[in-house]
Amino acid sequence: MATTLAPAANHLVISVVDQEPFITREPRPSGDYYSGYLVDLINEISRRANFTYTFKQADEHGRYLSTGWTGIIGDVVKGEAQIGGGALTVTTKREEAVDFTKPYLSNSVNLLVQKPTWEDLGLGYLVRPFSADYWIMLLVVLLLIGIVFFVIGKFSPYEWGNVAADRDPRGAKNSFTLRNSYLFALSTITWQGFREAPHSLSGRIMAAFWWMFILFSLIAYTANLTAYFLARPEQIPKMPFKTYEDLLADTNIRVGVLLSGSTESLLRNSRSETLRSIYSKINAQNTFVGSYSEGAKRVKTSNGNFVMFMETDSAEYYARKNCNLMIYGDTIFPSNLAFAVRKGSVWKGIFNTIIEDLKDNGYLEQLKDKYWHFSGDCTNIDGRKYVETGGHLSSLPIYPITLKDMAVAILLLFLGFIAAMIFLVIEIVHYAVTKKGKKIERPKILKNPPKIFRPKTKAAKAGPTDVELGEEAGPSSDGLESVPLEDAEDPGAGSGDELRGDEAKA
């Protein structure tokens with residue numbers, strides 16, 4: 001059974017490993033100078049617990065070999081240090097060898113990657129709200145809807161009607177020619193006014209469902225375009241991979257991990273086949289790194305061909321210091337950081353009480369802000385929030401609208417087309433039965449043709465016949481002479497014959 005260590009002489013040996021921003025060692029003539037998050041935290045704990053300490057430099061956090069534990073964990077197990085003070089992740093394997101205090105920081109694992117190049121959207125920005133397949137569908141629908149309205153206008157007897165002669169000399173009229181059908185479709189798709197609306201029931205059904213389709217499409221386009229404009233400062237960069245499966249399949253990208261760290265062990269023993277395969281890839285390529293600073297440097301200079309699994313807190317620190325780096329990837333392996341002590345050590349209870357009090361009064365949160373949030377000037381460090389979507393690694397809710405997204409609008413348009421065709425057949429049959437096959441035809445001779453106005457010539461002289469003409473038709477208030485349509489069609493014919501005819505009648 002492990003013996004209980006008493007706080008002899010209130011002086012502790014604390015084993016540590018250099019790892020920014022937790023522990024930073026600076027060699028000086030007078031001796032090594034230590035600073036960082038854990039140094040400040042240990043200073044506060046030592047002040048409250050009334051002990052002194054010295055740091056013992058270890059070469060790694062600790063791993064179990066056939067000869068026993070190495071690094072910080074080995075120092076604590078062997079009694080060469082009373083406290084393991086590096087950024088130690090609590091793992092099941094390590095808990096078998098040492099005791100851990102209450103955690104002072106929660107952590108996880110993500111990828112540290114180089115920020116991708118922001119693409120210039122250029123002239124194509126306004127077409128991004130819809131996917132390519134939806135734009136193609138929209139153009140095809142616009143082409144077909146004009147033909148549908150033309151067919152309804154030509155074959156539905158209720159789209160034809162007699163027009164008063166004083167309004168249109170053609171007499172019989174059908175508004176929905178092929179040209180007018182496309183004009184109607186284009187004017188409605190842009191929410192503009194239109195001159196003629198369908199008169200038949202089939203045409204109105206088709207128009208109603210077409211309007212619903214256009215309404216849904218325009219609302220979706222406007223809303224998604226707004227979202228794209230709001231994300232415009234980031235220009236929605238693209239990554240060469242979006243999931244860990246993509247990363248595993250990409251042979252051009254090397255993946256690194258800290259040698260002898262907890263992340264290496266977690267990848268090797270992961271329940272996920274993908275993560276285990278990634279570890280096998282790392283092992284085969286021998287892309288282990290000796291420290292996080294070395295890994296961050298390799299990511300920075302790799303031109304996007306090297307990424308590294310790193311604890312999220314450390315990845316955030318390096319991303320804030322280097323503006324061309326960012327955090328990326330699904331969060332995996334949630335864990336805690338804590339101090340390690342020997343089994344049964346009384347220092348565990350002392351540290352637990354003080355850590356709990358520092359957490360309650362906000363000291364730990366302020367300390368984290370000091371070394372993370374205020375340690376660098378870089379922004380947009382979390383690539384998961386603004387890198388283009390398309391996989392599980394990105395959380396930006398902006399993506400082109402697809403056919404699947406607009407399935408309801410497309411279904412309504414299709415149902416409207418089916419209903420319009422059914423009612424078109426009903427209208428044709430109904431008219432044939434009730435009107436005995438009679439059709440509305442264009443009149444060959446117009447009765448009571450409309451009158452148009454023609455300016456008087458200066459050579460015209462006033463006479464008795466002019467007065468009589470004025471009594472019948474009367475000059476217009478603007479000095480124009482009213483003449484029948486036939487004369488308007490033959491400008492060479494004079495008005496004298498017409499006037500003599502009127503005199504004879506008189």
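Assorted remarks:
- Taking the stretch 79-113 as the range and being of a type in the set (Val, Ile, Thr) and open to solvent by less than 20 Å² (accessible area, probe 1.4 Å) as the test, the residues that pass are 83, 89, 98, 101, 109, 113.
- Contact annotation: residue pairs with Cβ atoms under 6 Å, 6 or more positions apart or on different chains, pairing a residue in the stretch 50-77 that is under 14 Å from residue 260 (Cβ atoms) with a partner that is of a type in the set (Lys, Arg), are 70/63; 73/94.
- Subset of the stretch 299-333 that is hydroxyl-bearing (Ser, Thr, Tyr) and not in a helix (DSSP H, G or I) - its residue that is most open to solvent (accessible area, probe 1.4 Å): 301
- Scan of the stretch 209-229 for residues that are open to solvent by 20 Å² or more (accessible area, probe 1.4 Å) and under 17 Å from residue 146 (Cβ atoms), ordered by number: 209, 211
- Residue-level check: of (1) over 20 Å from residue 370 (Cα atoms); (2) buried (at least 21 other Cβ atoms within 10 Å of the Cβ); (3) touching a Gly at 6+ places or on another chain (Cβ under 6 Å); (4) not aliphatic (A, V, I, L, M), residue 71 misses just (2).
- Every listed requirement among (1) open to solvent by less than 50 Å² (accessible area, probe 1.4 Å); (2) under 22 Å from residue 263 (Cα atoms); (3) at pLDDT below 95; (4) in contact with a Phe, Trp or Tyr (Cβ under 9 Å, 6 or more places away or on another chain) is met by residue 339 save one, (3).
- Residue within the stretch 284-298 that is of a type in the set (D, E, K, R) and not in a helix (DSSP H, G or I) present: no
- Count of the stretch 1-34 residues which are modelled with pLDDT of 90 or more and over 52 Å from the mean Cα position of the chain (by Cα): 3
- Residue in the stretch 348-366 that is in a loop (DSSP other than H, G, I, E, B), polar (S, T, N, Q), surrounded by 13 or more Cβ atoms within 10 Å (Cβ to Cβ) and touching a residue at least 40 places away in the same chain (Cβ under 8 Å) present: no
- All conditions but one from (1) closer than 18 Å to residue 81 by Cα; (2) open to solvent by less than 10 Å² (accessible area, probe 1.4 Å) apply to residue 22; the one that does not is (1).
- Which numbered condition residue 229 fails, given (1) modelled with pLDDT under 90; (2) in a loop (DSSP other than H, G, I, E, B): (2)
- Qualifying positions in the stretch 137-157 - in contact with a helix residue (DSSP H, G or I) (Cβ under 7 Å, 6 or more places away or on another chain), closer than 13 Å to residue 413 by Cβ and open to solvent by 30 Å² or more (accessible area, probe 1.4 Å): 142
- Pair list, Cβ under 9 Å, 6 or more apart: the stretch 390-417 residue within 25 Å of residue 332 (Cα to Cα), other residue at pLDDT below 55 and assigned to a helix (DSSP H, G or I): 396/234
- Test: residue in the stretch 35-49 that is open to solvent by less than 90 Å² (accessible area, probe 1.4 Å), at pLDDT 90 or above, assigned to a loop (DSSP other than H, G, I, E, B) and within 25 Å of residue 372 (Cα to Cα): yes
The values are calculated or read from the model by the stated rules, or taken from the named source; none is laboratory data. Predicted model only: the values in this text are computed from it and were never measured. Quick reminder, even Gly has a Cβ in these numbers, built from the backbone with ideal geometry, and neighbours come from all protein chains shown. All accessible areas refer to the heavy atoms of the entire protein, side chains included, with ligands and DNA or RNA removed. Shrake-Rupley method; radii C 1.70, N 1.55, O 1.52, S 1.80 Å.
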